[in-house]
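Taking it in order: structure first as C-alpha cells, then the write-up.
The values are calculated or read from the model by the stated rules, or taken from the named source; none is laboratory data. Nothing here was measured: the structure is a model prediction, and the numbers come from that model. Don't worry about glycine lacking a Cβ; one is built from the backbone with ideal geometry, like all the others, and counts go over all protein chains shown.
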Amino acid sequence: MKKKKDQSAPDKDHNTKKVEVIQEDLVVGKKEVETGKILITKKVLEEEVPLNLSGFEEELQVNVKKIDQLLDEPGPAIRTEGDSTIYSVYREVYLKKVILEEEVWVTKKVNQRSFEDLEKLKREEIHVGRVSKKSPQKE
C-alpha cells in the first residue's frame with residue numbers, strides 16, 4: 001500500500017488549518033504456485049490367449065494294381081476317376097502287342113483337423129497418481 005499526503009499551503013487571507021489527506025492504492029499481481037505433481041506410468045502387459053483354429057490336412061494314398069493285360073494300342077497315360085488320378089505304366093513286348101502292366105492309383109483325401117495353441121497378446125495400462133500435495137502459500 002502506498003500512502004500519499006496532500007499538503008496545501010495555508011491561504012494568507014483566511015485563517016485555515018492544515019489537513020492531511022491520505023489515499024490508498026491497491027496493487028494486485030499474480031504468480032504461479034505449485035500445489036502438487038502427478039506421476040503417469042504406463043505398463044505393457046502380456047497375456048496368453050488360447051487359439052482354436054481349424055485347417056486342412058491332405059493325405060495321398062498310393063495303390064499299385066497289377067493288370068498284365070494285352071492291348072492293341074496304349075490308352076491315355078494319365079486319367080482321372082472320381083477323386084483318383086491314374087498313371088498307366090505300359091511295356092512293349094516282342095510280339096508288338098501292348099500289355100497294360102499296372103496302374104498306379106493316387107487318391108487324395110482331405111481331412112479337417114483342429115488344433116490349439118497359445119499366443120501372447122499385449123495390452124497397455126496407464127495409471128495416474130498424485131506425487132505430492134502442497135497447500136498454496138500466502139504472501
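Restricting to the range 93-105, count the residues that are surrounded by 10 or more Cβ atoms within 10 Å (Cβ to Cβ) and more than 14 Å from residue 68 (Cβ to Cβ).
Matching residues across the range 93-105 total 2.
Only one of 43, 108 is part of a strand (DSSP E or B), in contact (Cβ under 8 Å) with a residue 40 or more places away in the chain, surrounded by 10 or more Cβ atoms within 10 Å (Cβ to Cβ) and of a type in the set (Lys, Arg); which?
Result: 108 is the single residue among 43, 108 that is part of a strand (DSSP E or B), in contact (Cβ under 8 Å) with a residue 40 or more places away in the chain, surrounded by 10 or more Cβ atoms within 10 Å (Cβ to Cβ) and of a type in the set (Lys, Arg).
Considering only the range 54-73, how many residues are surrounded by 10 or more Cβ atoms within 10 Å (Cβ to Cβ), at pLDDT below 90 and either hydrophobic (A, V, I, L, M, F, W, C) or not in a strand (DSSP E or B) (or both)?
Summing the residues that are surrounded by 10 or more Cβ atoms within 10 Å (Cβ to Cβ), at pLDDT below 90 and either hydrophobic (A, V, I, L, M, F, W, C) or not in a strand (DSSP E or B) (or both) in the range 54-73 gives 2.
Which condition number does residue 37 fail, the rest of (1) surrounded by fewer than 10 Cβ atoms within 10 Å (Cβ to Cβ); (2) over 30 Å from residue 92 (Cα atoms); (3) touching a residue at least 12 places away in the same chain (Cβ under 8 Å) being met?
The single condition residue 37 does not satisfy is (1).
For the structure I just gave you, tell me whether residue 81 is out of contact with any His (no Cβ under 8 Å at 6 or more places or on another chain), surrounded by 10 or more Cβ atoms within 10 Å (Cβ to Cβ), among the acidic types (Asp, Glu) and modelled with pLDDT of 85 or more. Step through it out loud before you land on a result.
Details: out of contact with any His (no Cβ under 8 Å at 6 or more places or on another chain): yes; surrounded by 10 or more Cβ atoms within 10 Å (Cβ to Cβ): no; among the acidic types (Asp, Glu): yes; modelled with pLDDT of 85 or more: yes.
When the stated conditions are applied, residue 81 does not pass them.
How many residues are within 20 Å of the chain's Cα centre (by Cα), charged (D, E, K, R) and over 28 Å from residue 132 (Cβ atoms) when one looks only at the range 35-72?
3
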